[in-house]
Amino acid sequence: MTGHRSGLRRPQFSTPQDVWTPGESAQLDALVSACALVALADGWVTSDERRSALERMRRLDAVSVFGIEEALAAFESLVDRFMRDPDDGVAAAEAAIIRLRGHAGPARLIIDAACRVAASDGTFDEDEQATVLRLCELFDLDPRDAALPAAPQT
């Protein structure tokens, strides 16, 4: 797999506090699910990747709206679920994401957060790109509106 430097143009959004609803579990679940899907894009997450994803999530403005410890615990729990049963983990994550379909503000911030987690190792590889494009599809967002690279050519 060829890695690409993360030189994505980041869209400018309102502040997370203008888009997120503190305590809104559907938003937190979708955020955590998107970050977990990207972290697990290659099918597993090493302890270094897990540590890196957790550290990156800790610095996301969006996470601070919900409570850092709660978000990180939810991420850890979902990653563990993926490790036990990957199909069940994907189904649960995608179901959480679909609940925010049609909510463009939170969806765009979640896509941005997923891109930041994906780029935490300095690359935005093809598996991660495909996962982020899938997230856009689940949210019913045009990837161009989220400032993502073009879909990989097949």
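Taking the criterion of being among the aliphatic types (A, V, I, L, M) and open to solvent by less than 40 Å² (accessible area, probe 1.4 Å), the residues of segment 105-134 that qualify are 107, 109, 110, 111, 113, 114, 117, 118, 119, 132, 133.
Residue 95 meets all of the listed conditions (1) open to solvent by 40 Å² or more (accessible area, probe 1.4 Å); (2) under 15 Å from residue 38 (Cα atoms); (3) at pLDDT 95 or above but one, namely (2). Screening the candidates 49, 24 for the property of being modelled with pLDDT of 75 or more and either within 15 Å of residue 117 (Cβ to Cβ) or surrounded by 13 or more Cβ atoms within 10 Å (Cβ to Cβ) (or both) yields one hit, 24. Tell me whether segment 129-141 contains one or more residues that are of a type in the set (Lys, Arg), more than 14 Å from residue 33 (Cα to Cα) and part of a helix (DSSP H, G or I). No, there is no match, as no residue in segment 129-141 is of a type in the set (Lys, Arg), more than 14 Å from residue 33 (Cα to Cα) and part of a helix (DSSP H, G or I).
The listed residues are 53, 92, 62, 74, and the only one of them that is of a type in the set (Gly, Ala, Ser), in a helix (DSSP H, G or I) and touching a Cys at 6+ places or on another chain (Cβ under 7 Å) turns out to be 53. In segment 135-145, the qualifying residues are those that are closer than 13 Å to residue 97 by Cα and open to solvent by 40 Å² or more (accessible area, probe 1.4 Å), and the one that is farthest from the chain's Cα centre (by Cα) is 140.
The values are calculated or read from the model by the stated rules, or taken from the named source; none is laboratory data. Note that the structure is predicted; figures quoted are calculated from it, not measured. Every residue, glycine as well, gets a Cβ built from its backbone with ideal geometry; the counts of neighbours run over all protein chains shown. Ligands, DNA and RNA are stripped out before the accessible areas are found, and what is left, the full protein with its side chains, is counted by its heavy atoms. Shrake-Rupley method; radii C 1.70, N 1.55, O 1.52, S 1.80 Å.
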